[in-house]
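Structure, as structure tokens:
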Amino acid sequence: MGPAGAVLGVDVGGTGIKARLTGADGLVLDETRVPTPRGDADATSLAVVVADLTERALRRADLDAVGLVTPGVVDDRTGTVLLAVNLGWRDVPVRDRVRAELASRGIDLPLAFGHDVRAGALAETTGTAPSLARGSVAFVPVGTGLASALVVDGVVVGGGGWAGEIGQVRIPTGPHAGRRVEEIASAGGVARRSGTATAHEAMLRVRAGDAVATRVWQECIDVLADALAWTTTVAGCHTIIVGGGLAESGPLLLDPLRAALVDRLPGLRVPALERARHGDAAGAIGAGLLARAAARTEVHA
């Protein structure tokens, strides 16, 4: 038997799954990444993967709970993903699928379920600067797709599962009219439109002066800035935390994005732009926080 009081956080992404095993003292005991199952319309294959990851964790530690977060429009209360475009899910009872698979293997643990971006926002605003616990803060991971989460006075806004899906809004006018925001303003969109395997490769081409990659990069910044300007004015954000794969480019993204926001918010407060401190691990860390909360609830029930 391994250390007691551990939790497993599992973050399902559009292309990969990140799992982090954390001890009661907060130390990371294990991390692993596996591909997200494809063609898995009912999440049956995902349930098998999560159960495999749980069994792996149980070999390392005495688990108190598991936290699972996914992309899309997530109803935390019912454990259902109402819509996840990148995974082909619609009205899928993901939590029940995973619970059933765990039970079939004799694993009986609290299972917390939530939204990947809201979990990432929880991770990015927990145990950090006091200013992030006051007012409105947006967490925006620019990854395979694009979504956001709003934290108001330390509380993540769920909106019944519908809050934050900024990547699904259609662009009404201009050269990208009719396309969804995330088709242009995401790491996945940048890679596809640059003709590169990854956004990192596109970033290297931008730095090398490649004309196509540079144009695509600038278009990404322009569309992203439009979305963030509206988010800022509606919610009064004083800080926007930018995460996801594209944030790994640092100033190459953040400097022109900051300038674009200044241009779009004349006479208004321009939010501070900060790079996510947890990088692409924010979702898994947040899932672990949800798991720990579920374990406490189980103890006090």
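The values are calculated or read from the model by the stated rules, or taken from the named source; none is laboratory data. Remember, it's a predicted structure, so these values are computed and weren't measured experimentally. Every residue, glycine as well, gets a Cβ built from its backbone with ideal geometry; the counts of neighbours run over all protein chains shown. These area figures cover heavy atoms from the full protein model, side chains too; ligands, DNA and RNA do not enter into them. Shrake-Rupley method; radii C 1.70, N 1.55, O 1.52, S 1.80 Å.
Anything in the range 21-47 that is open to solvent by 20 Å² or more (accessible area, probe 1.4 Å) and within 19 Å of R99 (Cα to Cα)? List them, or say none. Step through it out loud before you land on a result.
The initial filter retains those residues of the range 21-47 that are open to solvent by 20 Å² or more (accessible area, probe 1.4 Å), namely 22, 24-35, 37-39, 41-42, 44-45.
If the condition is that a residue be open to solvent by 20 Å² or more (accessible area, probe 1.4 Å) and within 19 Å of R99 (Cα to Cα), then P37, A41, D42, T44, S45 are the ones that fit.
Report whether or not T80 is open to solvent by less than 60 Å² (accessible area, probe 1.4 Å) and polar (S, T, N, Q).
Spelling it out, T80 is indeed open to solvent by less than 60 Å² (accessible area, probe 1.4 Å) and polar (S, T, N, Q).
Mind telling me which of the residues R269, R275, R264, R215 ends up being within 17 Å of the chain's Cα centre (by Cα) and of a type outside the set (A, V, I, L, M)?
Numbers: R269 fails: within 17 Å of the chain's Cα centre (by Cα); R264 fails: within 17 Å of the chain's Cα centre (by Cα); R215 fails: within 17 Å of the chain's Cα centre (by Cα).
Being within 17 Å of the chain's Cα centre (by Cα) and of a type outside the set (A, V, I, L, M) holds for just one of R269, R275, R264, R215, which is R275.
Being closer than 25 Å to S249 by Cβ, of a type outside the set (V, I, T) and assigned to a loop (DSSP other than H, G, I, E, B) narrows it down to one of G188, G178, G167, G174, so name that one.
G174
Pull up the range 151-171, narrow it to residues that are more than 17 Å from the chain's Cα centre (by Cα), aliphatic (A, V, I, L, M) and open to solvent by 30 Å² or more (accessible area, probe 1.4 Å), then point me to the one that is nearest to F113 (Cα to Cα).
V152
Identify, please: which residue in the range 93-117 is open to solvent by less than 20 Å² (accessible area, probe 1.4 Å) and part of a helix (DSSP H, G or I) and is, among those, modelled with the lowest pLDDT?
V117
Specify which of the listed residues (V223, V206) is assigned to a helix (DSSP H, G or I), of a type in the set (A, V, I, L, M), touching a Leu at 6+ places or on another chain (Cβ under 8 Å) and touching a residue at least 40 places away in the same chain (Cβ under 8 Å).
None of the others qualify; the one that does is V206.
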